[in-house]
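Here's the structure, in C-alpha cells; my notes come after.
The values are calculated or read from the model by the stated rules, or taken from the named source; none is laboratory data. Because the structure is predicted, anything quoted here is derived from the model rather than measured. As a convention, Cβ positions derive from the backbone with ideal geometry for all residues, glycine included, and neighbour counts pool all protein chains shown.
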Ligand SMILES: Cc1cc2nc3c(=O)[nH]c(=O)nc-3n(C[C@H](O)[C@H](O)[C@H](O)COP(=O)(O)OP(=O)(O)OC[C@H]3O[C@@H](n4cnc5c(N)ncnc54)[C@H](O)[C@@H]3O)c2cc1C
C-alpha cells in the first residue's frame, strides 16, 4: 500500500495516454501513468498504421480535422523520422468506381490547399504507360490513377517512443496496473489501483481517462457519478498475407460495398484493412471475424489478380481494434473521427475523458487536455516543449517493417 500525490493520473498507455503523460511531464507536472496490460496493448497497436491527412474525411466535410492531421503529419515527420515515413499512395479510379476522376482531382486539390501547398501534399496523375509498373494492379476498366503522399508508422513503436520520452521527462509508469476507483472531493481526486498484487492509493489534482474502448468502464468507477458520452464501438480488422507489393500503398474501394480499404506493404507481408463491424461484446474480447477476413481477401484478389486463387489459408495473421464513435444515426463511415474531450464539470473540470480520435493527432489532443485541466493544476516550471523533442526508436520494435 502506497500513497503519493500527483498533478495528473492518466489511465491507459495507448497513444493518447502516452501523449498526455509526455506533454504534462514536459510542462513540469507530476504524472502517474497507469496501464493494465502493456504499452499500446489496445487500439494503438491495431490501427492501419497511417499518419495521414485523412483524404477521405473531405467527403464528410471534416475540413478542420484534415487540416489538423496534415499539420501533425508534417510535425511527426520531423520529430520521428525513423518512426514516421512518407510513402507514395496510389488511388486508382475504375469504370465501376463510385467516384469520377474529376472528383478525386478536386479532392486532392483541396487536400493540397489545406496542406498549404507544401511539397508533401503534391499529387499527380500516373500516365497510362506506367500502370504496368503498379505491382500487378488490375487494369481492366481502369480510367485513371492518382498518386499522392501520406505517411506510414509502426503504431506500437510510436506509442512506446512517446512513453519513453514521458519517462525521461519524469512520468511515473505503473504497469501492469489496473485503475479501480476514484472519488472526487472538494480539493483532490482519491484514486485506488491494483499494482504488484496489491491495492495502492494516491491522490491527484486531476484524473485523465484515456482508456480508449474501455473509457466508459473507467468512468463508471468514478464517484460522484460523472457524465459519460453514449458511444458505439466499431471493430476494424486487418489481415496479413505473405507476399510483396512494392513500396506503394493502394487506396482502394471494396468492390462489394465501395468502402475504402488500404493495401500496404508490411515487411514480408501485405497488410489489408480495414473493416467497420458494429461491436457489442467486452472490449477485451475483440478478435477478427471470418467474414471480415474473407471480405478483405476479396479486395486483394479483385485488384491484384495474382492473388485470385488465394484462400483464407493464405492469411498469415489478422488483428482487430475498436474505434470509439459517438452514438448517432447515419452510417458508421461518416461519423466524426474528431477527438471528443468530455469533463465532469465544464467550469472546473477534474475528471476528463478522451473519446475516439486519431493516432495522427495525439500531440494536439494532449495539448488540449492539459489546457482544459489548467484550473486545477498547480504552477510548475516547464522542462521542455514537446514540439522540439525528437522521438527515438526502441531497438526491439518492429519499425524496420515499413
Ligand atoms: C481499425 C482502426 C484503424 C485505425 N487506423 C488509424 C490510422 O491509420 N491512423 C490514425 O491516425 N488513427 C487510426 N485509428 C485511430 C487510432 O488508432 C486510435 O484513435 C488510437 O489508437 C486510440 O488510442 P487510445 O490511447 O485512445 O486507446 P488505446 O490504444 O485502446 O489505449 C487504451 C489503454 O487503456 C488501457 N486500460 C483500459 N482500462 C484500464 C484500466 N482500468 N486501468 C489501466 N489501464 C486501462 C488499455 O489496456 C489500453 O492500453 C484507427 C483505429 C482503428 C480501430
*Select, from 287, 320, the only residue that is modelled with pLDDT of 95 or more, assigned to a loop (DSSP other than H, G, I, E, B) and within 19 Å of residue 234 (Cβ to Cβ).*
287
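So if I check each of 34, 8, which one is within 6 Å of the ligand (Cβ to nearest atom) and more than 18 Å from residue 359 (Cα to Cα)? Walk me through how you get there before you give the answer.
Values: 8 fails: within 6 Å of the ligand (Cβ to nearest atom).
Exactly one residue qualifies, and that residue is 34.
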*asked:* Given the criteria touching a residue at least 40 places away in the same chain (Cβ under 8 Å), outside the structural domain of residue 365 (by TED's automatic domain parsing), touching a strand residue (DSSP E or B) at 6+ places or on another chain (Cβ under 6 Å) and more than 9 Å from the ligand (Cβ to nearest atom), does residue 76 qualify?
replied: yes
_Residues that are outside the structural domain of residue 25 (by TED's automatic domain parsing) and out of contact with any helix residue (DSSP H, G or I) (no Cβ under 8 Å at 6 or more places or on another chain), at least 1 per element: which strands (runs of 3 or more DSSP E) completely within the range 172-260 meet that?_
231-242, 249-253
*If you go through the range 136-155 one residue at a time, do you hit one that is in contact (Cβ under 8 Å) with a residue 60 or more places away in the chain, more than 22 Å from residue 14 (Cβ to Cβ), away from the ligand (no atom under 16 Å from the Cβ) and loosely packed, with under 15 Cβ neighbours inside 10 Å?*
yes
*Which condition breaks for residue 53 when tested against (1) assigned by TED's automatic domain parsing to the domain that holds residue 236; (2) in a loop (DSSP other than H, G, I, E, B)?*
(1)
*Just one of 373, 352, 297 is at pLDDT 95 or above and in a strand (DSSP E or B); which is it?*
352
